[in-house]
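Novice: Handing you a structure now.
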Ligand code: GLN
């Protein structure tokens, strides 16, 4: 099958080689006989919500975010539509912040967001940097861990009824205080973790891929055949260990 991916603002939001997440999805799809076609969507480019099975947006600093925020906010309705109709979505760091209602940057300016994720972000005086370990339960009863790296000044506060991506085992997470990291709405995941995220969390890559494939086929998620993830799991273990050594949340 062909999985159609929209990569939003690749020229602006690609900090920490975030586009490596797409390389992982491409490879894991190919190993199961599927193909990803990736369309870069820049400022002013067309974006038809029904044209994509997966939407991807990476991270960036305040400066890059400010450049694309008005264009992204203007696409809000179409991004909502894509997710409502079953597209998968992955948003990392700066992209994650702008898929919420908005972000107040370090200089005090308000960048409007898409409002897909029920949250708001305000930049603080200090940066939250380091390895992170999360415990996630995206399907009831199925607990998995996510390991990654965070580097953000933004403090993200979820609405009370919002579903986080996971609970922080070690690291700061959304705001260094709530114990939550990321956000999930339907098949959309937002997270601060990059570096990139998917190479050391193969289960999450497959979670997104099964849902993108389901959208492509117009059906329910279809489990993918397992792969030999020895290296990926080793990377996960090293990253998780570094996060644990870093310790619990600090304000
Ligand atoms: N500018 C945002 C922050 O510092 C996002 C940074 C990033 O994408 N690494 O909070």
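The values are calculated or read from the model by the stated rules, or taken from the named source; none is laboratory data. Because the structure is a prediction, the values reported are computed rather than measured. Every residue, glycine as well, gets a Cβ built from its backbone with ideal geometry; the counts of neighbours run over all protein chains shown.
Novice: Could you count how many residues in segment 86-116 are near the ligand (Cβ under 10 Å from one of its atoms) and over 13 Å from residue 152 (Cα atoms)?
Specialist: The total comes to 2.
Novice: What strands (runs of 3 or more DSSP E) completely inside segment 152-240 contain at least 3 residues that are over 13 Å from residue 91 (Cα atoms) and touching a strand residue (DSSP E or B) at 6+ places or on another chain (Cβ under 9 Å)?
Specialist: Answer list for segment 152-240: 166-170.
Novice: Can you go through 218, 195 and tell me which one is surrounded by fewer than 19 Cβ atoms within 10 Å (Cβ to Cβ) and either modelled with pLDDT under 95 or more than 13 Å from the ligand (Cβ to nearest atom) (or both)?
Specialist: Selected residue: 218, the only one of 218, 195 that is surrounded by fewer than 19 Cβ atoms within 10 Å (Cβ to Cβ) and either modelled with pLDDT under 95 or more than 13 Å from the ligand (Cβ to nearest atom) (or both).
Novice: Could you tell me which numbered condition residue 26 fails, if it satisfies all but one of (1) surrounded by 16 or more Cβ atoms within 10 Å (Cβ to Cβ); (2) within 16 Å of the ligand (Cβ to nearest atom); (3) within 23 Å of residue 148 (Cβ to Cβ)?
Specialist: Just one mismatch for residue 26, condition (2).
Novice: Could you tell me whether segment 50-58 includes any residue that is away from the ligand (no atom under 16 Å from the Cβ), surrounded by 18 or more Cβ atoms within 10 Å (Cβ to Cβ), over 14 Å from the mean Cα position of the chain (by Cα) and within 30 Å of residue 230 (Cα to Cα)?
Specialist: Taking every residue of segment 50-58 in turn, at least one turns out to be away from the ligand (no atom under 16 Å from the Cβ), surrounded by 18 or more Cβ atoms within 10 Å (Cβ to Cβ), over 14 Å from the mean Cα position of the chain (by Cα) and within 30 Å of residue 230 (Cα to Cα).
Novice: From 121, 126, which residue is in contact (Cβ under 8 Å) with a residue 24 or more places away in the chain, under 24 Å from residue 62 (Cα atoms), out of contact with any strand residue (DSSP E or B) (no Cβ under 6 Å at 6 or more places or on another chain) and within 13 Å of the ligand (Cβ to nearest atom)?
Specialist: Selected residue: 126, the only one of 121, 126 that is in contact (Cβ under 8 Å) with a residue 24 or more places away in the chain, under 24 Å from residue 62 (Cα atoms), out of contact with any strand residue (DSSP E or B) (no Cβ under 6 Å at 6 or more places or on another chain) and within 13 Å of the ligand (Cβ to nearest atom).
Novice: Mind listing whichever residues of segment 80-126 are buried (at least 24 other Cβ atoms within 10 Å of the Cβ), outside any strand (DSSP E or B) and within 15 Å of the chain's Cα centre (by Cα)?
Specialist: Once the filter is applied, which keeps residues that are buried (at least 24 other Cβ atoms within 10 Å of the Cβ), outside any strand (DSSP E or B) and within 15 Å of the chain's Cα centre (by Cα), segment 80-126 yields 87, 93, 94, 95, 96, 97, 98, 99, 100, 114, 116, 117.
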